[in-house]
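The values are calculated or read from the model by the stated rules, or taken from the named source; none is laboratory data. None of these values were measured; they are calculated from a predicted model. Every residue, glycine as well, gets a Cβ built from its backbone with ideal geometry; the counts of neighbours run over all protein chains shown. What goes into the accessible areas is simple: the full protein's heavy atoms, side chains included, and nothing from ligands, DNA or RNA. Shrake-Rupley method; radii C 1.70, N 1.55, O 1.52, S 1.80 Å.
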Amino acid sequence: MELDAIWLRLQQHTPTILGSRNFSKYAVMVPLMKKDDGVHVLFEVRSLQLRRQPGEICFPGGRIDPEDADEKAAAIRETKEELGIDTSDISEVYPLDYMVSPFGMMIYPFVGLIEQAERLNYNRSEVEEIFTVPLTYFLKHPPEIHHVEFKATPDIDFPFELLVGGKNYKWRSRGIDEYFYVYKGRAIWGLTARILAHFIELVSAG
């Protein structure tokens, strides 16, 4: 290959996250609602009939479809479908920092205001129940953070002979911090808690 061809390829390349083409991409919404006692954050409890993470607390969201115009459109669509509301019931939608999980997922979180709370008619096939928590609770109660380590387990046919040290190779340990909020006996944790903590950090900074 000639150098000119190499330079042309590189000039035409737009950098992204290495390997991200193979990632599953999701969009979620942190729904805010105005109540008599102030702003609340709305949460869903996943249906007990779901195969993945039944009964866990989450925000509305799901996989980004090819038909979605962008990540924001996907977050709005998923929120509409799960809460049973119209696009006009969702306003002030703003992006948070997107996340790359160690499990091959990219998550694009947004914050939005849910209007007309009385119209909520959540999808019972996906959502067991919904509840809200005053925003002031999270402003006053920081999350508990617990560390989880992951152990490297190579395949049985892994080519140890190609590594310096062979089977005694010193694998670098990897881990993640798991965030937990507990409100009236409900545990909000995992990616939901991590996104929530990021949102709280943004709105309370300064």
> Hey, what do the phi angles of the stretch 86-101 turn into as Karplus ³J(HN,Hα) couplings, whole Hz, using 6.51/-1.76/1.60 and θ = phi - 60°, x for Gly and Pro?
Replying inline: 9, 4, 5, 8, 10, 9, 6, 8, 10, x, 9, 5, 7, 10, 10, 7
>> Quick check: at a probe of 1.4 Å, how many percent of the accessible area of the chain sits on carbon and sulfur atoms?
In response: 52
> Which of (i) 1.07; (ii) 0.94; (iii) 0.98 is the computed Rg/Rh (Cα atoms, Kirkwood Rh) for the structure on display?
Replying inline: (i)
>> Per residue of the stretch 7-15, what does 6.51 cos²θ - 1.76 cosθ + 1.60 with θ = phi - 60° give for ³J(HN,Hα)? Whole Hz please, x for Gly and Pro, Karplus curve as stated.
In response: 4, 5, 4, 5, 5, 8, 8, 9, x
> Which cross-chain or sequence-distant (5 or more) residues have an amide H under 5 Å from the amide H of residue 115, H modelled 1.01 Å from N in plane?
Replying inline: 90, 91
> If we count every other residue with Cβ under 12 angstrom of residue 180's Cβ, Lys/Arg +1 and Asp/Glu -1, where does the sum land?
Replying inline: -1
> Can you list the residues, at least 5 places off or on another chain, whose amide H is less than 5 Å from the amide H of residue 178, using H built in the peptide plane?
Replying inline: 146, 147, 148
> Short version: ³J(HN,Hα) in whole Hz for each residue of the stretch 106-120, in order, from phi by Karplus 6.51 cos²θ - 1.76 cosθ + 1.60 (θ = phi - 60°), x for Gly and Pro, what are they?
Replying inline: 10, 10, 10, x, 9, 10, x, 9, 9, 8, 6, 4, 5, 7, 4
>> What number comes out for accessible area per residue over the chain if the probe is 1.4 Å? Units Å², please.
In response: 67
>> I'd like the accessible area for residue 46: 1.4 Å probe, protein heavy atoms, all chains in place, Å² to the nearest 10.
In response: 50
> Protein chains only, probe 1.4 Å: how do 158, 43 rank by accessible area, largest first?
Replying inline: 158, 43
> Over the chain, what is the mean sequence separation of C-alpha contacts under 8 Å (at least six apart), divided by residue count, expressed as relative contact order in percent?
Replying inline: 21
